Amino acid sequence: KFIEVNSQKKIKTTCSYCGVGCGIVAGINPQSKVSVEGDTEHPVNAGMLCSKGMNLHYVVNDVSDRILYPEMRWSRSHPRERVSWEDAMDRAAAVFKSLIRKYGPNSVGFYISGQCLTEEYYIANKLTKGFLGTNNIDTNSRLCMSSAVVAYKKTFGEDSVPISYEDIELADVFLIAGANPAWNHPILFRRLEIHKEKNPNVKVIVVDPRTTASANFADIHLPIIPGTDIILYNAIGRRLIETGKIDDDFVKNHTENFLNYRKQVMDTSLKDAAKLCGISVEEIKEVSDLIGTSKGFITMWAMGLNQSSIGTDKNFSLLNLSLVTGKVGKPGNGPFSLTGQPNAMGGREVGGMANLLAVHKDLQNPQDRQDVADFWGVDQISPTPGYTATEMFDALASGEMKAVWIICTNPMVSLPNLGKVEKAFANAKFVVVQDISHRSDTVAYADLVLPAAGWLEKEGTMTNSERRISYLTKGINPPGEARADVEILCDFAKRMGFRGFNYTNTEEIYEEYCAMTKGTNIDISYLSYDRLKNEGSIQWPVSEYRHPGTPRLFTDKKFYTPSQKAVFNIPAQIENTSEKVSPQYPFILTTGRIRDQWHTMTKTGKVARLRKHYSHPVLEVNQLDGYIYKIKDGDVVEVKSKNGVVRVRAKLSKSIRNGVVFLPMHWGKQLENDLNRANNLTFTRVDPQSKEPDFKYTTVSVTKYQKP
Ligand code: SF4
């Protein structure tokens, strides 16, 4: 909705950074310059914005980095040159047709993003799975949420976050596991801070090898040794059982597989668990007793659990604590995964991953595949899961895949094992990059660059961490010849000769997706653009015309499994043993984010005031380790893994366990040089269940750098 105030157009929209999904009022002046303020009426943030959100207008107003027109190169030995949209799209279609004819549909694929709007995600999936005939479409959400997706599905029967932000104000014990929401989900964390300020009985427990801003706020901080999370959560489970602080009725009547859970948690004594985790038995007991006597117990987690070669198992062990205490489906209770990207959740809804189908249908189920094929008017959907993020780049490097189309993501900084990603690009026959900014390192590797519209420049919907769907209004025109992503994809589909992409506007795409949800557990068939525009954001499912939305799932204790019971899943492995520290590589490297930057800095890196927080990447090293390894604060250090090298300054700190070092993942080649990229060091090692890479456990050496 547009409102005119003092010749400024004001529109309500949603922040384009993290999955918290704060409401923003954007002011647009007659020269199309944008200003932002928090939306005081929004249920998520009530007017608050974090440093990233409140500086979002700088990103929109500065178009100096924007890709303004299509660019193409006819061969790798020629530079890219400006071309018309006609030539660009004809070439893309001609190359895809030729590759599919010669090598089959699995030779091509799309790599997209949790920043895409739901309509974009939907169309890209329809195009790939329905019409190109391959499931080779994956997303950078694979790098952050896929372990949680698998764990939710196996525990509750579907990928369903059960609770809402409003449950924060109703809970009294919070277990924050492998997450630093104070920096990465700041407004959500602010709600927790306010709640605790008002209710001193509220207890916050943070589990993290680093003393983060969230850990500093906590009543109890458990700085466990990286990779030992499951041992801790099993030990807590054991203590809950031993002290009789479990919900017998819930466990008996609404869950399956408790006896196997009991058996596993009883296998390790509290004493052994404490030793393995590097904490005390008393701490385990204290945390268990708090959870066991809580009225409202919420777990929050993010990358510390998900980004691991045992990520799904880690998720299981945490979800099991909610099951054993019966703390699901009640106000102020439940497990709550925190999504990092604004529409990672929307992407999951439309089946935006190589192994998923839209509306939570199952790629492995023949009837589900046929239902989706019938809906799209195609003969069939391939039963073969597509390549996941890292598999896709492996397949490009090995020559099994020939072409990749990348939308709104920067794998040349964000994927693990960047040496391999570089090889993949060199070996690929055709690379398309559809994005807004030349600041993405990936653009340099593209044969075809397509300029896309950004935030405020297109319309569509997003779903935040609590299943809340928001409508984003178009307020300004994109610069140059940039076009909305759905327009580009539909144009391509038509040039490929596919039916079913003749939409006249984005709303028609949304309505098609909504119709697909009818009768499913994520039903939004009655949620129109008009309703979202007039009434604001709503949480799915919204299965009737006047349905108010659903803040909480499973209130009837009926889960989406065939038995309607939640399942205790038993971790196959209780400790990350993918690597062992050695005299040659004595540190465990964990990578992550810092407060004022987001992803690969293509947006936040433009904003001078956000760069003040950290102007360059630093390696956080424990002070004692600094002493032992003769490293001083500010020294340039060389960090080496079996995979690569990084050269950055060291920051000595008491805030990290000894034996562990931390490096932010944001910096890429464009911003400094290629020796500052954390992912030079990481491996393409993934969780076998979720295919999510392990960014939190790489053994490295750290030495003071001596100039040769
Ligand atoms: Fe944007 Fe997330 Fe900050 Fe809210 S918390 S303003 S959604 S970055």
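Laboratory data are not the source of any read-out in this text; all were calculated from the coordinates shown. All figures in this text were calculated on a predicted structure; none of them were measured in a lab. We place every Cβ from the backbone using ideal geometry, glycine too, and count neighbours over all the protein chains shown.
Give, rounded to the nearest 20 debye, the magnitude of the charge dipole that the range 587-704 has about its Cα centre when Lys and Arg contribute +1 at Cβ and Asp and Glu contribute -1 at Cβ.
Using Cβ point charges on Lys, Arg, Asp and Glu, the range 587-704 gives about 320 debye.
Given 20 °C and 1.002 mPa s, how large is the Stokes-Einstein diffusion coefficient of the chain in µm²/s, with Rh as the Kirkwood radius over Cα pairs?
83 µm²/s
Give me 229, 249, 313 ranked fewest to most by other Cβ atoms within 10 Å of their Cβ, as a rough exposure proxy.
Ordered by Cβ neighbours within 10 Å, fewest first: 249, 313, 229.
Where does each of 535-543, 430-438, 345-353 land if you order them by average Cβ count within 10 Å, highest first?
Listed from highest to lowest mean packing, they are 345-353, 430-438, 535-543.
Apply the Karplus parameterisation 6.51 cos²θ - 1.76 cosθ + 1.60, with θ equal to phi minus 60°, to every residue of the range 207-219 and state each ³J(HN,Hα) to the nearest whole Hz, in sequence, with x for glycine and proline.
Running phi through 6.51 cos²θ - 1.76 cosθ + 1.60 with θ = phi - 60° gives 10, 6, x, 10, 8, 7, 4, 5, 5, 4, 7, 5, 6 Hz.
Report the extension gain between residue 645 and residue 518 in nm, rounded to one decimal, defined as 0.36 nm multiplied by the number of residues separating them, less their alpha carbon distance.
Difference between extended and current length: 40.6 nm.
For the chain, what does the helix formula give at 222 nm: sum of -39500 (n - 2.57) over DSSP H segments with n ≥ 4, over the residue count, nearest 500 deg cm²/dmol?
-8500 deg cm²/dmol
Counting other beta carbons within 10 Å of each Cβ, put 220, 24 in order, fewest first.
In order of increasing Cβ crowding within 10 Å: 220, 24.
Which ³J(HN,Hα) values, rounded to whole Hz and listed in residue order, are derived for the range 297-306 from phi using the Karplus coefficients 6.51, -1.76 and 1.60 in 6.51 cos²θ - 1.76 cosθ + 1.60 with θ = phi - 60°, glycine and proline given as x?
So the J values, rounded to whole Hz, are 10, 10, 9, 10, 8, 8, 5, x, 8, 6.
Can you give me the C-alpha center-to-center distance between the range 239-272 and the range 57-95, rounded to a whole angstrom?
58 Å
Could you work out the relative contact order of the chain, using alpha carbon pairs under 8 angstrom and six or more residues apart, expressed as a whole percent?
So the answer I get is 19 percent.
Give the calculated FRET efficiency between residue 530 and residue 704 to the nearest 0.05, with a Förster radius of 41 Å applied to their Cβ-Cβ distance.
My answer for the efficiency is 0.05.
Label residue 102 and residue 547 with points 7 Å out from Cα along Cα→Cβ: what is the distance between them in nm?
Roughly 4.8 nm, to one decimal.
What ranking do 266, 665, 72, 145 get, fewest neighbouring Cβ atoms within 10 angstrom at the top?
266, 72, 665, 145
Hey, which of these cross-link pairs are over 32 Å Cα-Cα: 330/361; 126/642; 402/691; 10/361; 33/198?
Over 32 Å apart, Cα to Cα: 126/642; 10/361; 33/198.
Figure the gain on full extension for residue 367 and residue 32 (residue separation times 0.36 nm, minus the Cα-Cα span) and round it to one decimal in nm.
Between residue 367 and residue 32, full extension yields an extra 115.7 nm.
Nearest 5 percent is fine: what portion of the DSSP beta bridges confined to the chain is antiparallel?
50 percent
Of 269, 414, 708, which is farthest along the charge dipole of the chain in the positive direction, counting Lys and Arg as +1 and Asp and Glu as -1 at C-beta?
708
Please give, to one decimal in nm, the separation of the simple spin-label points placed at residue 269 and residue 615, each 7 Å out from Cα toward the Cβ.
5.5 nm
Roughly what would the spin-label model give for residue 556 and residue 669, points 7 Å off Cα along C-beta, in nm?
That separation, rounded to one decimal, is 5.6 nm.
If you place +1 on the Cβ of every Lys and Arg, -1 on the Cβ of every Asp and Glu, and leave all else neutral, what size is the dipole of the chain about its Cα centre, to the nearest 20 Debye?
1500 debye
Given a Förster radius of 35 Å and the C-beta distance between residue 582 and residue 194 as r, what FRET efficiency does 1/(1 + (r/R0)^6) yield to the nearest 0.05?
Efficiency at R0 = 35 Å is approximately 0.15.
On the Cα set of the range 117-237, report Rg and Dmax in Å, please.
Rg and Dmax of the range 117-237, Cα atoms, are 18.3, 57 Å.
I'd like the distance separating the alpha-carbon centroids of the range 454-532 and the range 155-194, in whole Å.
Between the Cα centre of the range 454-532 and that of the range 155-194, the gap is 28 Å.
Can you tell me how much longer the chain between residue 564 and residue 219 gets when fully stretched, taken as 0.36 nm per residue apart minus their C-alpha distance, in nm with one decimal?
So the chain would gain 120.6 nm between residue 564 and residue 219.
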